[in-house]
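Everything below concerns the one structure shown next.
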Amino acid sequence: MRLKTGELNRAITFIKSKYYLADVPVAHLDVCNKGVAVHLSQLLAAAGQTEQAAALRRAASSWNDANEAKYLGDSRRIRAGVLLLDGKPDAALVELAESFRSGFYVHWWYT
């Protein structure tokens, strides 16, 4: 909704505070905020902070890949979000389809 209203800084501040991402989100990634970090990167990009957004997206992607064995359920969905924001929609759809085939969709809102 904040993308529509243009209240990007308000949304960025809220997410950083709520998910303990502080002023350097890349340094605070963990199991509780790895997915929201991808959403935050989208807000940062929309706010013109493209370098920060790309760095956060890369860090979230790396964290996700490094911890995939422990937290498999969300990893493909998170990877799909990163791929989509990186302009690779076909690869994102492949990740989502594989997640569905694997049965890891229990937390998806529409299932």
Among the residues of the range 17-34, write down those that are assigned to a helix (DSSP H, G or I), touching a residue at least 24 places away in the same chain (Cβ under 8 Å) and either touching a His at 6+ places or on another chain (Cβ under 6 Å) or surrounded by fewer than 19 Cβ atoms within 10 Å (Cβ to Cβ) (or both). 26
Top-ranked residue of the range 35-57 - restricted to ones that are farther than 18 Å from residue 23 by Cβ and either charged (D, E, K, R) or open to solvent by 50 Å² or more (accessible area, probe 1.4 Å) (or both), ranked as farthest from the chain's Cα centre (by Cα): 46
Is at least one residue of the range 68-84 part of a loop (DSSP other than H, G, I, E, B), touching a His at 6+ places or on another chain (Cβ under 7 Å) and either aromatic (Phe, Trp, Tyr) or open to solvent by less than 20 Å² (accessible area, probe 1.4 Å) (or both)? no
Would you check which residues across the range 49-67 are farther than 13 Å from residue 30 by Cα and not in a helix (DSSP H, G or I) and list them? 49
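The values are calculated or read from the model by the stated rules, or taken from the named source; none is laboratory data. Owing to the predicted nature of the structure, the values given are computational and were not obtained by experimental measurement. A quick note on method: Cβ atoms are made from the backbone with ideal geometry, for glycine too, and the neighbour counts reach across all protein chains shown. In case anyone asks, the SASA skips ligands and DNA or RNA and just uses the protein heavy atoms, side chains included. Shrake-Rupley method; radii C 1.70, N 1.55, O 1.52, S 1.80 Å.
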